Amino acid sequence: MRTKQELSTAIRERRRAALVVNAHSRRGRRLYDTVHARLRAAGFALLGAYPVDRPGELDRVLAEAADLGPDLLVTGGGDGTVGAAARLLAHRDIAMGLLPLGTTNNFARTVGVPLDLDAAIAVLTDGKVIDVDLGLIGDTRFTNHVGIGLSADIMQSAPPGLKRAAGRLAYPMTGLGLLARHRPLAVTVRAEGREHTFTTHQVYVANGGFHAGRPITADATADDRLLVAYPVGGPTRRGLLRETARNAAAGHRRTLGDEPFLAVRQLWLDTDRPARIEVDGEPYGQTPVRIGLDPNALRLMARSDSPDH
């Protein structure tokens, strides 16, 4: 395994990359040819280039691209695509290059990759390799978050056409329709020798610093060896809506020391009835569940001034 500095040098000098774009994502289909051309113009020798328009083929294509032996695997798509690439590349001598082409692009925001395409490609050419933490739920790694309760129901119910047309607004629009009949959950979280109980419609466990395209807190990152568990509101539907609005408006001013955040390295979470789970926007299973961290698991091409712990 090369050091991060050695891998950074190899990427800058050899420009050996593979490209995988989720062409089923909101922007991926429209921008694939542009991405391909701009990477070539930036001097990258593309060992393979794959537009993937069938979600069921993504894992296979990512593995095929990695088997070509690139120094950099450039992944274009949303958080689900990024999560699939991160799981594949964990603890491997390949850096992930990130082109945020999705709806909310939470992981890109967390690690400071620009949402503008040209600026994101500039990170690939002028940046450096850092390593960041991944979350771990069961045996599955994740980049951003685990959602339990209403968000998991929303992820399974949001129509793909609405997501393409409305972007990240598709999720609250779907949620409003589901909320009228949603029952709150009694949640128990055990972590670091303590037990925390609360009743809520929604609870998140985040590895990164963003959710729904907005900051969770001012100091949550994907490189701090911490998970952040927090309910959104209490038992009432009105409380959920009020807290969702507050989180969206004030996340950049809050810290991990504020209520209701619980910052820990691992936790066990249970609910009074089996509740659906979504991981980075993809269905996972049901509670109860253990969630932990895989520290410095993913090598990522980031801005040259990015912190790296």
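The values are calculated or read from the model by the stated rules, or taken from the named source; none is laboratory data. As the structure is a prediction and not an experimental result, all values here were calculated from the model. Here the Cβ is made from the backbone with ideal geometry for all residues, glycine too, and neighbour counts use every protein chain on show. In case anyone asks, the SASA skips ligands and DNA or RNA and just uses the protein heavy atoms, side chains included. Shrake-Rupley method; radii C 1.70, N 1.55, O 1.52, S 1.80 Å.
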TODO: From the P(r) of segment 1-101, can you give the percent of Cα pairs sitting at distances over 24 Å?
DONE: 15 percent
TODO: With no solvent and one equal point scatterer per Cα, compute the Debye intensity ratio I(q)/I(0) for the chain at 0.07, 0.16 Å⁻¹ and report its log10, rounded to two decimals.
DONE: -0.26, -1.30
TODO: Order the following by accessible area, largest value first: 261, 198. Probe radius 1.4 Å; ligands, DNA and RNA are ignored.
DONE: 198, 261
- [ ] Please sort 107-116, 93-102 by packing, taking for each peptide the average over its residues of neighbouring beta carbons within 10 angstrom, highest first.
- [x] 93-102, 107-116
Open item on the list: Need the C-alpha centroid separation for segment 221-257 versus segment 1-27, integer Å.
Closed with: 33 Å
- [ ] Please give the solvent-accessible surface of residue 121 in Å², to the nearest 10, using a probe radius of 1.4 Å with every protein chain present.
- [x] 10 Å²
Open item on the list: For the chain, what does the helix formula give at 222 nm: sum of -39500 (n - 2.57) over DSSP H segments with n ≥ 4, over the residue count, nearest 500 deg cm²/dmol?
Closed with: -9500 deg cm²/dmol
- [ ] May I ask for the Rg/Rh ratio of segment 245-295, computed from Cα atoms with Rh as the Kirkwood radius, given to two decimals?
- [x] 1.03
Open item on the list: I need the shape label for segment 211-300. Rule: rounded when a/c is under 1.5, else prolate if a/b > b/c, else oblate, with a, b, c from the alpha carbon gyration tensor.
Closed with: oblate
Task: Solvent exposure of segment 195-309 as accessible area per residue, Å², 1.4 Å probe - done: 46 Å²
Task: Accessible surface of residue 279 - all protein chains present, 1.4 Å probe, nearest 10 Å² - done: 10 Å²
Open item on the list: For Cα pairs less than 8 Å apart in space and 6+ apart in sequence, what is the mean separation divided by the residue count of segment 72-161, i.e. the relative contact order in percent?
Closed with: 25 percent
Open item on the list: Please report the carbon-and-sulfur percent of the accessible area for the chain; probe 1.4 Å, protein heavy atoms only, DNA, RNA and ligands left out.
Closed with: 49 percent
Task: Dipole in debye (nearest 20) - the chain, about Cα centre, beta carbon charges: Lys, Arg +1; Asp, Glu -1 - done: 800 debye
TODO: State the extension gain, in nm to one decimal, for the chain segment bounded by residue 304 and residue 68, taking 0.36 nm per residue of separation less the distance between their alpha-carbons.
DONE: 82.3 nm
Task: Solvent-accessible area per residue, Å², over segment 45-164 with all protein chains present [probe radius 1.4 Å] - done: 32 Å²
Task: Accessible area (Å², 1.4 Å probe, nearest 10) - residue 32 - done: 30 Å²
